[in-house]
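The values are calculated or read from the model by the stated rules, or taken from the named source; none is laboratory data. Just so it is clear, the structure is predicted and the values come from calculations on it, not from any experiment. All Cβ positions, glycine included, derive from the backbone under ideal geometry; neighbour counts span all protein chains shown.
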Amino acid sequence: MTDIYNIITFLSLILFISILFYLSLKSRVKENNIEVYAVGNKSFSSLSVSLSLAASLTSAATFIINPGFISLYGLSAYLAFGIVMPTAIFFALVIFIKRFRRYGMNVKSISIADWLGKRYDSKFLKLFFGFLSILLITFIVLICVGITKVISKALDVNELIVLISLVVIVFSYMMIGGANAMVYTNSIQAILMVVVALILIWSGSEYLINNDIGFFERLKSIDPQLIKPFNDKSPLFRDFFEVFICNAIVGIAIVCQPHILTKSLLIKKEEQVNRFLIYTILILILFFSVVFTGFYARLGFPDLMFNGVPLKMDGIMSAYVVQRFPIYMGILVILGLFAAGLSTLEGLIQSIPTTITNDLIVPILNKINPKNYKIIKINMALTVLVAIISIILSHQQLVSPSLSVGIFAQNGVYAFFSAAFVPVFFGIFTSTQNKWIPITASIVAVLTHFSVYYLELTPYMQNTNVKNPAIASALALIVSTTVGLIIYLIKPLKNEVVTN
């Protein structure tokens, strides 16, 4: 039965990947134009873009990695990742996207770095954020690790083989199609994710329906810490500040990522925007509910053992799927988890090399030797380099993670959007052209984030093997926003241009 399961799973994955390749070929970029590659040249429906954005925002973190945090740390982790952060993200999407889109459409921005450079007329900001976008490779690593864990366990294949195959396949079809391909593939993936999200949420219903022993009583019998709103034995969810304040701040700032805000530029008609936001939030509510499955997994593995082997946090969901579902249902769920990872992975593959190429490499090359470079070819070469780096870092996280690849990814991604928040916020909500606000605030944010994390500033970072990147990010956001406001209030420019 195991061999049949592996074979059917493998064939299902091949079929699914073949469909994605077909969509990429169908929508491939024929023009030698990086703008078309980055934001597309087609008009998509609001539902299609909503599915694409919802899929990009949730990814392997929500479907594979974060349920592991909840299995280990219980209610405190669920409040952080299932309630507080999603609510903050919904709020930020509504507030930020309309304003960003208004300016982004006017100047045809293809990345956050490009948007900031044009908004403040600053070459430094464009170069700086082109450089900082390298940090987002950590998110690619998270997704690669999550998918690799699921597929390797389902196929009973060596993790390194799965990892290399995954990176080669996905990077290849994204290089063919760019943004047009991404919306098509994300829509297919998001539909599959909707089905699988419903299956996963229902998969532990017996624990909720059975009134003989209450759901939380079952969890309490395993570990009383699992039902506490603050888990003082965890490194990440110890008190109100870590669970609520940090995740609310991070949730708002998380929207300031290039593969999130630039999705709004795929909506060509202004009247579609409200519908697009409503669809996105409804789909996201369903997707973020999947983290509740972490409770089911802990009830299924009370001692966190699978076939006599201790479970690592990143492998809890894959073990739950393999054990919980019958063969055909299990294959469907595996495809859904695969799709959840691919949805964001595609956005990052499209946005990171594009940002580095357009906002860092080409400006530097033009300074050295001004001429017409084949930008799309530079972008493709850089995409290959990012793929190689991703394989190396992902393998390292598979072999020796610090609790979870989620910590590694958060440290990089949180640093990026901590730096991006003030420049984007002031660029959207004020008319200032004062370059010192975004430049100073973004540098302060990066320095604060990494100083708090690596120099172990504050008691939260001391006497613990696993440090919480959300603490570093929240403090960086607070400090940099304060700095930005002070400069804005004491040194306004005389000639301010309204961005509306």
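Suppose the filter is surrounded by 22 or more Cβ atoms within 10 Å (Cβ to Cβ), within 19 Å of residue 407 (Cα to Cα), among the β-branched types (Val, Ile, Thr) and in contact (Cβ under 8 Å) with a residue 60 or more places away in the chain; does residue 249 pass it? Yes, satisfied. Of all residues in segment 362-389, those that are part of a helix (DSSP H, G or I) and without any contact (Cβ under 8 Å) to a residue 40 or more places away in the chain total 11.
Yes/no matrix, rows are residues, columns are (1) among the aromatic types (Phe, Trp, Tyr); (2) part of a helix (DSSP H, G or I); (3) modelled with pLDDT under 90; (4) within 22 Å of the chain's Cα centre (by Cα):
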| position | (1), (2), (3), (4) |
| --- | --- |
| 412 | no, yes, no, yes |
| 419 | no, yes, no, yes |
| 434 | no, no, no, no |
| 437 | no, yes, no, no |
| 444 | no, yes, no, no |
| 449 | no, yes, no, yes |
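Of everything listed in (1) out of contact with any helix residue (DSSP H, G or I) (no Cβ under 8 Å at 6 or more places or on another chain); (2) under 30 Å from residue 86 (Cβ atoms); (3) at pLDDT 80 or above, the single unmet condition for residue 70 is (1). Checked against the criterion of being modelled with pLDDT under 85 and within 17 Å of residue 142 (Cβ to Cβ), the candidates 368, 376, 349, 391 yield just one match: 349.
Within segment 407-439, the set of residues being small (Gly, Ala, Ser) and in contact with a Pro (Cβ under 9 Å, 6 or more places away or on another chain) comprises 409, 412, 415, 420, 427. Looking across segment 298-316 at every residue that is in contact with a Leu (Cβ under 7 Å, 6 or more places away or on another chain) and assigned to a loop (DSSP other than H, G, I, E, B), the one that is farthest from residue 398 (Cα to Cα) is identified as 301. In segment 346-402, the residue that is farthest from the chain's Cα centre (by Cα) out of those that are polar (S, T, N, Q) and loosely packed, with under 14 Cβ neighbours inside 10 Å is 369.
Considered as a group, the residues in segment 232-259 that are under 13 Å from residue 464 (Cβ atoms) and of a type outside the set (D, E, K, R) include one that is nearest to the chain's Cα centre (by Cα), and that residue is 236. If you go through segment 155-171 and keep only what is assigned to a helix (DSSP H, G or I), touching a residue at least 40 places away in the same chain (Cβ under 8 Å) and over 13 Å from residue 341 (Cβ atoms), you end up with 155, 159, 160, 164, 168, 171. Candidates are the residues of segment 102-116 that are part of a helix (DSSP H, G or I) and surrounded by fewer than 21 Cβ atoms within 10 Å (Cβ to Cβ); the one that is modelled with the lowest pLDDT is 105.
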